[in-house]
Amino acid sequence: MKANLKQEFKNRYNKEATHTFFSPGRVNLIGEHIDYNGGLVMPCAITLGTYMLIAPNSDKVFRFKSVNFEEQLEIPLQSSYTKSGEEWFNYPLGVINYLIEGGKELGGLDMLYYGDIPIGSGLSSSASIEVVTAFAFNQLFNCGLTKLELVLISKRVENEFIGVSSGIMDQFAVAFGETDKALVLNCDTLDYEAVPTNLGDHLLAIINTNKLRKLAESKYNERVQECQTALKQLQQELDIANLCDLDSATFELHKHLVTDPTVLKRATHVVYENQRVKQAAKALSENKLEEFGQLMYASHDSLKNLYEVSGKELDCIAEYGKTDPNVIGARMTGAGFGGCGIAIVKKDSLETFITKFTLYYESKIGYAPSVYASLIGHGVSELKD
Ligand code: GLA
């Protein structure tokens with residue numbers, strides 16, 4: 001892979017790449033639509049991700065090329081940039097914009113990107129490209145930023161440059177992920193613990209519904225708004241900064257303050273999902289996989305019925321899982337509205353699981369999903385020879 005990419009870089013730029021960086025994608029085990037409500041999430045980095053090969057140039061120009069997309073951009077070093085169109089290079093351009101805004105002295109760079117995360121699958125290809133870019137520039141131009149600062153710049157790209165009100169989970173997971181561990185991250189304080197994902201004789205399967213996420217960004221922003229409405233109404237009586245500051249008992253006593261029934265459903269999901277993450281982290285540390293699996297199903301049901309971000313394709317994953325004794329738990333992962341789900345499957349039954357699930361899914365949806373066994377990889381890094 002790396003050797004091919006180096007050759008590709010040479011073909012495109014007629015010179016050798018000087019550095020290669022890699023940033024993973026992520027899955028979230030549990031704690032969905034929680035990060036922007038200041039609660040707990042449990043993501044892990046995966047081994048699919050974004051490769052970035054670079055070589056400095058003396059022309060004071062940024063050249064963005066991709067193996068995945070034909071669109072490319074050549075743009076001189078200037079004092080600021082704005083998003084133009086919907087092309088992929090807006091993500092790295094946003095990173096550069098905020099580095100320059102922060103007073104960092106950058107030089108010209110020739111870049112080649114390659115990602116093996118299926119696009120639009122909800123495995124955080126955008127966080128991956130943002131973080132790999134921030135990491136590479138930080139290193140090459142000695143910007144002196146910490147990994148957390150790189151995460152915050154990348155999140156800002158998503159929020160302000162691209163315009164999605166997403167939380168910090170994705171960028172944090174792809175930067176700080178650790179092999180064979182999940183991060184139990186408090187999205188309010190940004191404290192986290194890396195906990196071993198010891199699944200014993202089970203493995204984590206990623207299931208791509210192969211349904212492209214449509215309208216995902218506007219629906220996502222709508223959910224963020226609904227949570228803010230609920231928070232404001234609860235703040236009339238409660239001294240809280242985030243919805244996740246509430247335990248379920250306090251929420252039950254005050255939920256009459258939330259006047260709109262739809263908004264109340266959203267808030268109910270958030271409060272109970274946050275509680276489920278605490279239970280799930282405990283269950284995982286005590287090797288209580290069955291309990292972990294039940295919490296995954298409960299999370300899915302809540303995302304389906306209360307938060308309303310699932311869909312028939314993602315629902316198939318949880319529905320099927322409940323019928324197969326070799327599946328311990330399953331749910332959608334990420335923002336929803338299509339994209340991917342995850343399932344905890346008995347290792348020696350993976351092939352049967354894939355065959356049976358594929359038949360089930362095809363009979364309900366009309367086309368095939370893609371299923372892979374997932375490895376839990378590490379966060380962003382430079383790849384040395
Ligand atoms: C997307 C966002 C994250 C998070 C998830 C839902 O992946 O980028 O910040 O909100 O959806 O949990």
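The values are calculated or read from the model by the stated rules, or taken from the named source; none is laboratory data. It should be emphasised that the depicted structure is a prediction, and the values quoted were computed from it without experimental measurement. Don't worry about glycine lacking a Cβ; one is built from the backbone with ideal geometry, like all the others, and counts go over all protein chains shown.
Quick notes on this structure:
- Residue match in segment 271-287 (condition: without any contact (Cβ under 8 Å) to a residue 24 or more places away in the chain, crowded, with 23+ Cβ neighbours inside 10 Å and touching a strand residue (DSSP E or B) at 6+ places or on another chain (Cβ under 8 Å)): no
- Considering residues of segment 208-248 that are over 18 Å from V271 (Cβ atoms) and charged (D, E, K, R) only, the residue modelled with the lowest pLDDT: K214
- Residue within segment 193-202 that is in a loop (DSSP other than H, G, I, E, B), more than 14 Å from the ligand (Cβ to nearest atom) and within 27 Å of E362 (Cα to Cα) present: no
- Out of L77, L53, L99, sole residue that is out of contact with any Pro (no Cβ under 9 Å at 6 or more places or on another chain), surrounded by fewer than 24 Cβ atoms within 10 Å (Cβ to Cβ), over 30 Å from N186 (Cβ atoms) and not charged (D, E, K, R): L77
- Segment 31-46 residues that are farther than 19 Å from F292 by Cα, paired with ones that are within 6 Å of the ligand (Cβ to nearest atom) (beta carbon under 6 Å, 6 or more apart): D35/G167; D35/M169; Y36/G167
- Only one of the numbered conditions (1) out of contact with any Lys or Arg (no Cβ under 9 Å at 6 or more places or on another chain); (2) in contact (Cβ under 8 Å) with a residue 40 or more places away in the chain; (3) of a type in the set (V, I, T) is not met by I317, and that is (1).
- All positions within segment 136-151 that are crowded, with 18+ Cβ neighbours inside 10 Å and under 24 Å from S165 (Cβ atoms): L145, L150, V151
- Per this entry, E105 is counted among residues that are more than 16 Å from the ligand (Cβ to nearest atom), in a loop (DSSP other than H, G, I, E, B), touching a residue at least 24 places away in the same chain (Cβ under 8 Å) and surrounded by fewer than 15 Cβ atoms within 10 Å (Cβ to Cβ).
- Selection within segment 117-160 - among the acidic types (D, E) and away from the ligand (no atom under 13 Å from the Cβ): E149, E160
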